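Asks: First, the structure itself, so that you have it in front of you.
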Amino acid sequence: MLNRALVISTLVLTSVTISEGRPSPSGHPTAAVAIAGDFVADVVGPYLAIQTALVNDDLGPVAAAAAQLQKSAGALGADGASLAGAAAKTAGAKTMEAARAAFGDLSAELIAYADKTKQPVAGKIIAFCPMVNKSWVQADGAIANPYYGKAMSTCGSSTRKL
């Protein structure tokens, strides 16, 4: 019975340590662990909502999604500061042109953050538009260009998986 309690306690401590990235209840410090699921849901999710809105020439959802992304990126600490700044610029865009320009900066920051932190983002690719010389992240599949929207939605190519 004592061995079983020890195993259960160890599993609970490990779970707390990994999932929260804080010191374990025993007081031993642990390395902070960024949880990929949170990054994907809280950062990549709103980013993809912006990308989809721009592909559809719909400025409506951009500000709210960018504001959510800004909040989530701010929670990433110093590494997420540039990403949060780019999201704020996107949230403040008042025209489709301004939103697309800000989205280019947001895309560069998202890609840089994911590369730097080695965040696993399954099923997403980095695509590139030669017309504006900018990249973006999208779901794997057919190209959906946010920089030209419906006018040239298939312009570009996949460069690599994120």
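Asks: Among the residues of segment 47-64, how many are under 13 Å from the mean Cα position of the chain (by Cα) and either among the polar types (S, T, N, Q) or buried (at least 22 other Cβ atoms within 10 Å of the Cβ) (or both)?
Replies: We begin by selecting, within segment 47-64, every residue under 13 Å from the mean Cα position of the chain (by Cα); these are 47-51.
Pick out the ones that are also either among the polar types (S, T, N, Q) or buried (at least 22 other Cβ atoms within 10 Å of the Cβ) (or both) and you get 47, 50-51.
Here the count works out to 3.
Asks: Here's another thing I want to ask about it. In this structure, is residue 87 under 11 Å from the mean Cα position of the chain (by Cα) and at pLDDT below 95? If you could, list the steps in order and put the result at the bottom.
Replies: On the way: under 11 Å from the mean Cα position of the chain (by Cα): yes; at pLDDT below 95: no.
No, not satisfied.
Asks: Another question about this same structure. Go through segment 66-80 and report how many residues are under 13 Å from residue 110 (Cβ atoms) and among the small types (Gly, Ala, Ser).
Replies: Step one: filter segment 66-80 for residues under 13 Å from residue 110 (Cβ atoms), giving 66, 69-70, 72-73, 76, 79-80.
Imposing the further condition that a residue be among the small types (Gly, Ala, Ser) reduces the set to 66, 72-73, 80.
Residues that pass the stated criteria total 4.
The values are calculated or read from the model by the stated rules, or taken from the named source; none is laboratory data. This is a predicted model, so every value here is computed, not measured. Because the Cβ atoms are built from the backbone with ideal geometry, glycine has one as well, and the counts that use them run over all protein chains shown.
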